[in-house]
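Since the structure comes first, as structure tokens, the remarks are kept for the end.
The values are calculated or read from the model by the stated rules, or taken from the named source; none is laboratory data. These figures come from a predicted structure and were not determined experimentally. Cβ: placed from backbone, ideal geometry, glycine included. Neighbour counts: every protein chain shown.
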Amino acid sequence: MKPTRSLRTLGLATAVFSLCACDLVPTGAVLNGVGSETVSVDSTQPRGRPVLVAVLPSRGARGTLAVTGANQGVVTFQTADGISLSLDDGLLVSTRGLGQDLMSAQAEDARLAVLSRVQGASYPRIHAYLDGINRIRYTTYSCETSTRQQVVEMLSGENRGSTRVEEECSTPERTFTNTYWVTDIGAVIKSRQWISDDLGYVELERL
Amino acid sequence: MTDRIDGTAKRPGRNWAAPLALSAVSLLASAATVAGEPETHAAYNTYGSPGVIDMPSAYSRPDGELGFTVSSFAGQTRNTLTFQVTPRLSTSLRYSSLQDLNTRNDTLYDRSLSLHYRLVDEGYIRPAVAVGLNDILGTGVYSSEYIVASKTLRDALRITGGLGWGRLAGEGEFRNPLSFLSDRFEERGPREVGFGGRVDTGNWFRGDAALFAGIEWQATERLGLALEYSSDAYAREQPTAFSRDSSINVEARYSFNEYVDVSAYYLYGSEVGLQISTAINPKDRPNSGGIEAAPPPVLPRSAAAAGQLGWPETADTLTSFERRLSAALGDQGIVLHGYTLGRNQITVEFENESYSQTAQALGRTARVITRVAPASVERIAMVPVVNGLPGSQVVMSRRDLEAFEFRPQAAALSLNNSSFEEAIQSVPPADARYPRLRWNLKPYLTPSFFDPDAPVRADIGLELGATLQPARGLEFSGAVRKRLVGNLDESTRESTSVLPRVRSDFNIYDREGDTKLIELTGAYYFKPGANLYGRVTAGYLEPMFGGVSTELLWKRHDSRLALGIEANYVRQRDFNQLFSFRNYETFTGHVSAYYQLESGYHFQVDVGQYLAGDVGATFSFDREFDNGWRVGAFATFTDVSYDDFGEGSFDKGLRVTVPIDWLSGGASREQYEATIRPVQRDGGARLSVNDRLYERVRDVHEPQIVESWGRFWR
């Protein structure tokens, strides 16, 4: 599920830096001596069985995630190759390892409205992203929900009755619509949620 | 850094309107970009500067953009590197080859520097106005000055008109309008060229002036057309290189994407030309934050199993605690340097081997500590270490880490609730840390430019390096290179320097060094006192010199100011770069002051004696971006006369640093560093030593850590 590197930028950088009096060493071509392993970033290996399936259409990627942590009611799930999603009762509040990640989010009002399956609720939502020079940038959306009953087909083939809650959030620059399929007891079994401009939507389903 | 800015992201979708071409944004739109920067940007002209086709225009390029343009027509090829230093100031460094000039038989290779400054922003009625200087330091082939205004008429149409002097007053010239100020403006004297490289202000805006104009139309999102009336007579180029039949130039420009433009033009009624422009903007990171693996989640004590965060009672469990901490940090690309564990607090010294920003290493270390430290530990202190030297100590409470992890304002909260201190407490190194030996084998490519015999040369080979760290602060390192293939040894230009040949014999070193010892040194890094750092390095310090280098740096961990003093005694190494020396030996040393502005501009002054025995000062100025990118320039003025220095008159150059993680998206501390000098002579030459203190230490001090705090939770 790992996004590929930007070849365009590598080629571009090589073009720009061909006119330099510097030593170029291709990274990744370094052979390190035995007994002198350099440490490198490894992913926290998730324990436990996979409980979440995620699909990222913009990258054509798909993966399964297991639980790696829980804090303040937010559960963090991670793939084997180092991508994590943090969900607050099924609502996405944080991602890591994808690039233009959702750093954090204020989605408490969204959570209440979605889990209670309220029709026509209106509230704000705040997303935080990292810009190119490591500053956190906030975007505030105005959201509104709409609901209807729908029988949803799960990956397992099972058909489940649920309430389909659509959350339409907008700013003058963009609009996105999150979709949640919520059961009678207020559990999100399937969803399609917006991450960022670069990544688009992620589709999640509980196994 | 946690300001609320709404709606600054781009529209979704792949075909984002190319800003290298005219942006089709209505003037009336109030959508102000970050920092109030105007939306309209100039294209790159044949000189690689903001302009129309061959003429300049009043708009600038996006702030922070680094662009490279190659244009060619009628045997005139211009390669230009342009940097938008501030939103208003653009600087261009150009390397041109001029063929078939009527003043000489062979090709002229010329280096020139241009400046473009946008004085006035465009308003509803008011045009944008800019002023510029061309070919400030070169031999004067492109010498000109101008004042220009540009106006966007409708969404896709804009006009430019201006007044030029010097080369831009070649055609249709008239008496200088500035001569009403003073008679001196009437005449433009002959250029005082000398050895080149000097700024000749005496001729700026002097002599006749002429008008030029242009019109640009963005026909489609990607295709733009331009028409221009040029006041450049190309007096030296015609009629031998081409014949100037007309003053009208036309161009078609196609934008592949935001960063690449290709143009074809028909110039002066007789010549077809081509141009390609590429640009990169450090603020525009390709992988938006990076694709490094996700960090470990914070483990709140309430959720931990009873045995997980127990207190290590015996020596055995303490050893296993150290191993667990070390392994968990190692998984994050961080080396445990040492720790002290108390009932309620833990202090961890770590070495960041993976992340370009210390803030990210701190965040990962903090997360690991919550997962491993005994439950009673509440106060967490973390100290980043470089070369055995401690940086700022960052203290946070565990309760805060547990509470803030998923808060929307997590970054701001964690910063506001942590304190930065001087690291005073002595932390014993971890058992496994010393001694440590590392070695590596890697390929290298060394290019060489600007030799008129062959403007581009290169060597490719293998480098074997090793570092032994027997104890804290002590390092023995060596590197050997073996050339496999290359043509650096073909350079036969002999140095004409009248100074001791401390650098200008570089091509002899290239020729005679086949298997060469790049460095072989022993170094000791230490802290003689509060806010003081010291270094002593001895051995074969660099390919051309060996000896002893000592340095003392004063820098408070929370300050942007640093002062240093360096004293070295060196002897010149033999051309074959093995173990022997030549006869020349000298003392070289400097007193330095460093200052970093919060806005990201960095100043450095070094005063002292250089390798050739000359005495003077070096001034450096860099634009530093919080992601590690740096673009800057330096110049050295010494008691060596311009004549004695030779070609170029004084030592100067540009330097660029590109962080690898910005390019690749993965976690890396590596950087491409490039220094571009128009000419390598012997004046103003400094010794090259590894790990000078300021660059190592500033990375782990508060100002730099806080700048990239956005990465703490990453």
Practice problem: Go through B:F637, B:F619 for me and flag whichever is under 19 Å from the mean Cα position of the chain (by Cα), among the aromatic types (F, W, Y) and more than 14 Å from every other protein chain (Cβ to nearest Cβ). | Solution: B:F619
Quiz prompt | Index of the failed condition, B:P447 passing every other in (1) farther than 30 Å from B:S96 by Cα; (2) facing chain A (nearest Cβ under 10 Å); (3) not charged (D, E, K, R) | solution = (1)
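Quick check: is even one residue across the range B:288-308 surrounded by fewer than 16 Cβ atoms within 10 Å (Cβ to Cβ), away from chain A (no Cβ under 11 Å) and either of a type in the set (D, E, K, R) or assigned to a strand (DSSP E or B) (or both)?
Let us first name the residues in the range B:288-308 that are surrounded by fewer than 16 Cβ atoms within 10 Å (Cβ to Cβ), namely B:302-308.
Narrowing the set further to residues that are away from chain A (no Cβ under 11 Å) leaves B:305-308.
Then keep just the ones that are either of a type in the set (D, E, K, R) or assigned to a strand (DSSP E or B) (or both); that gives none.
No: zero hits.
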Quiz prompt | Only one of B:R364, B:R301 that is of a type in the set (D, E, K, R) and modelled with pLDDT of 95 or more | solution = B:R364
Quiz item: Is there any pair linking a residue in the range A:186-201 that is within 10 Å of chain B (Cβ to nearest Cβ) to one that is outside any strand (DSSP E or B) and among the polar types (S, T, N, Q), with Cβ under 6 Å and at least six apart or on different chains, and which?
Solution: A:S196/A:Q100; A:D198/A:Q100; A:D198/B:S288; A:L199/A:S58; A:L199/A:Q100; A:G200/A:S58
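Evaluate the following for A:V93: is it surrounded by 15 or more Cβ atoms within 10 Å (Cβ to Cβ), facing chain B (nearest Cβ under 9 Å), at pLDDT 95 or above and not in a helix (DSSP H, G or I)?
Numbers: surrounded by 15 or more Cβ atoms within 10 Å (Cβ to Cβ): yes; facing chain B (nearest Cβ under 9 Å): yes; at pLDDT 95 or above: yes; not in a helix (DSSP H, G or I): yes.
It is true that A:V93 is surrounded by 15 or more Cβ atoms within 10 Å (Cβ to Cβ), facing chain B (nearest Cβ under 9 Å), at pLDDT 95 or above and not in a helix (DSSP H, G or I).
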Quiz item: If we scan the range B:81-97, do we find a residue that is under 25 Å from B:F625 (Cβ atoms), in contact (Cβ under 8 Å) with a residue 12 or more places away in the chain, in a loop (DSSP other than H, G, I, E, B) and hydroxyl-bearing (S, T, Y)?
Solution: yes
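Quick grid of which residues meet (1) touching a residue at least 24 places away in the same chain (Cβ under 8 Å); (2) assigned to a strand (DSSP E or B):
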residue: A:L87; (1), (2): yes, yes
residue: A:G99; (1), (2): yes, no
residue: A:V114; (1), (2): yes, no
residue: A:R117; (1), (2): yes, no
residue: A:H127; (1), (2): yes, yes
residue: A:R137; (1), (2): no, yes
residue: A:C143; (1), (2): yes, yes
residue: A:G157; (1), (2): no, no
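Out of all the residues in the range B:609-633, which are within 14 Å of B:R686 (Cα to Cα) and surrounded by 20 or more Cβ atoms within 10 Å (Cβ to Cβ)?
Here is the first cut: in the range B:609-633, the residues within 14 Å of B:R686 (Cα to Cα) are B:609-620.
Listed by number, the residues that qualify are B:Y610, B:L611, B:A612, B:D614, B:T618.
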Quiz item: Can you spot a residue in the range B:406-414 that is closer than 28 Å to B:Y694 by Cα, crowded, with 22+ Cβ neighbours inside 10 Å and touching a residue at least 60 places away in the same chain (Cβ under 8 Å)?
Solution: yes
Quiz item: Just a yes or no: is a residue in the range A:56-79 part of a loop (DSSP other than H, G, I, E, B), modelled with pLDDT under 95 and within 25 Å of B:A327 (Cβ to Cβ)?
Solution: yes
Practice problem: Just give me the residues in the range B:659-682 being at the interface with chain A (Cβ under 9 Å from one of its Cβ atoms), at pLDDT 85 or above, out of contact with any helix residue (DSSP H, G or I) (no Cβ under 8 Å at 6 or more places or on another chain) and assigned to a strand (DSSP E or B), in sequence order. | Solution: B:E673, B:A674, B:T675
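Against the definition (more than 9 Å from chain A (Cβ to nearest Cβ) and more than 26 Å from the chain's Cα centre (by Cα)), how does B:N487 come out, yes or no?
Yes: the conditions hold for B:N487.
Given A:S142, A:S170, A:S156, which one is away from chain B (no Cβ under 14 Å) and among the polar types (S, T, N, Q)?
Details: A:S142 fails: away from chain B (no Cβ under 14 Å); A:S170 fails: away from chain B (no Cβ under 14 Å).
One residue alone meets the criteria, A:S156.
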Quiz prompt | Residue satisfying all of: in the range A:170-201; assigned to a strand (DSSP E or B) and of a type in the set (A, V, I, L, M, F, W, C); farthest from the chain's Cα centre (by Cα) among these | solution = A:V182
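Residue-wise test of (1) without any contact (Cβ under 8 Å) to a residue 24 or more places away in the chain; (2) touching a His at 6+ places or on another chain (Cβ under 6 Å); (3) closer than 18 Å to B:A210 by Cβ.
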{"position": "B:L137", "(1), (2), (3)": "no, no, no"}
{"position": "B:V148", "(1), (2), (3)": "no, no, yes"}
{"position": "B:I159", "(1), (2), (3)": "no, no, yes"}
{"position": "B:R167", "(1), (2), (3)": "no, no, yes"}
{"position": "B:D183", "(1), (2), (3)": "yes, no, no"}
{"position": "B:G189", "(1), (2), (3)": "yes, no, no"}
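Hey, does the range B:532-543 have a residue that's of a type in the set (A, V, I, L, M), modelled with pLDDT of 90 or more and assigned to a loop (DSSP other than H, G, I, E, B)?
In the first step, residues of the range B:532-543 are kept if they are of a type in the set (A, V, I, L, M); the result is B:532, B:536, B:538, B:541.
From what's left, modelled with pLDDT of 90 or more: B:532, B:536, B:538, B:541.
Still in the running and assigned to a loop (DSSP other than H, G, I, E, B): B:541.
Yes: the range B:532-543 contains one or more residues that are of a type in the set (A, V, I, L, M), modelled with pLDDT of 90 or more and assigned to a loop (DSSP other than H, G, I, E, B).
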